[in-house]
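The values are calculated or read from the model by the stated rules, or taken from the named source; none is laboratory data. Remember, it's a predicted structure, so these values are computed and weren't measured experimentally. Neighbour counts run over all protein chains shown; Cβ positions are idealised from the backbone, glycine included.
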Amino acid sequence: MSNKSKFFFIDCSEAAECCNKSQYKEAKFFDKVRLMFHLTFCKTCRSFSSKNSKLTSLIEKSKIQTCPDENKEQWRKEIKKELVEERN
Amino acid sequence: MPANTLDPNKWVDRYSDYLFNYTIVRVNDREVANDLISETFLAALKSAKYFKGEASERTWLISILKRKIIDYYRKINSRKGQAEVKINYSDDYNEGEWLEEQVADQFDKTAEDEMENTELGLAILECLDSINEKHAEIFKRKTIDGADTEAICNEFNITPSNLWVIIHRARTALAACLEKNWF
């Protein structure tokens, strides 16, 4: 592939990476243009891309939260302490 | 059939986010949720010897948590005393206004959606069980906590391209796992 066409053509793994980054709004503008171009002729990536966006909206909709690290740390300690006491 | 076993040292890493999301929609208070989860872990340790291995660890922990949530509501209800019942439909001056009061609460319209979203959240966390624990942790940091790529790379000592490969695998696995019920 000539350098010129490399400029526009990306392979599927690059397309996937760009697609993932854009789910987190971290894709560069020009990469997004190349992704769009890739999607016009790649059916597999089109399907991946639509599933990926759907996943993003599902995660947003679910409003899942993670519990704070301090709590996790405290629970770990509590469990450890209890296990030690049990053994003795 | 292989029986399920308990591994208390892994409980926090494996189930705390799941238990937290399960609890928070039921008690709507982070502090209370944290206390209930803490009590659940301790109660689970105490009754670990009765675990028969028929249910999964998660199901078993949830069954204990459920009881803790019910106990919590019993406690605050008895503290409150009897529920107050207010009837003002016989008010002569405002006759007819009760009709308006009878109109369904707007919240009801979305209650079902909310419930579905909670289930969706738990389904997502459950699907994350099928991938490598560390990768699931990284995925959650990035996707749920919205942490910076750089911060995560420092925390887990990986390169950005490692991170995107992990994210890619997690997202593909997650989409496949959710596909049947949610896509």
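B:Asp105 satisfies every condition listed in (1) modelled with pLDDT of 90 or more; (2) over 26 Å from A:Gln23 (Cβ atoms) except (1). Say whether the condition of being farther than 30 Å from B:Ala43 by Cβ and more than 15 Å from the chain's Cα centre (by Cα) is met by at least one residue in segment A:47-56. Looking through segment A:47-56, at least one residue is farther than 30 Å from B:Ala43 by Cβ and more than 15 Å from the chain's Cα centre (by Cα). Return yes when B:Leu19 is over 15 Å from A:Arg76 (Cα atoms), assigned to a helix (DSSP H, G or I) and modelled with pLDDT of 95 or more and no when it is not. Answer is no for this residue.
For B:Ala170, state whether it is modelled with pLDDT of 80 or more and in a helix (DSSP H, G or I). Spelling it out, B:Ala170 is indeed modelled with pLDDT of 80 or more and in a helix (DSSP H, G or I).
Yes/no matrix, rows are residues, columns are (1) of a type outside the set (Gly, Ala, Ser); (2) touching a residue at least 40 places away in the same chain (Cβ under 8 Å):
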residue	(1), (2)
B:Ala3	no, yes
B:Trp11	yes, yes
B:Tyr22	yes, yes
B:Val32	yes, yes
B:Ala43	no, no
B:Ser47	no, no
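Per the listing B:Gly121, B:Gly146, the residue uniquely within 10 Å of chain A (Cβ to nearest Cβ), assigned to a loop (DSSP other than H, G, I, E, B) and closer than 17 Å to A:Thr66 by Cβ is B:Gly146. Looking at the structure I just gave you, is B:Ala136 surrounded by 13 or more Cβ atoms within 10 Å (Cβ to Cβ) and within 8 Å of chain A (Cβ to nearest Cβ)? Answer is no for this residue.
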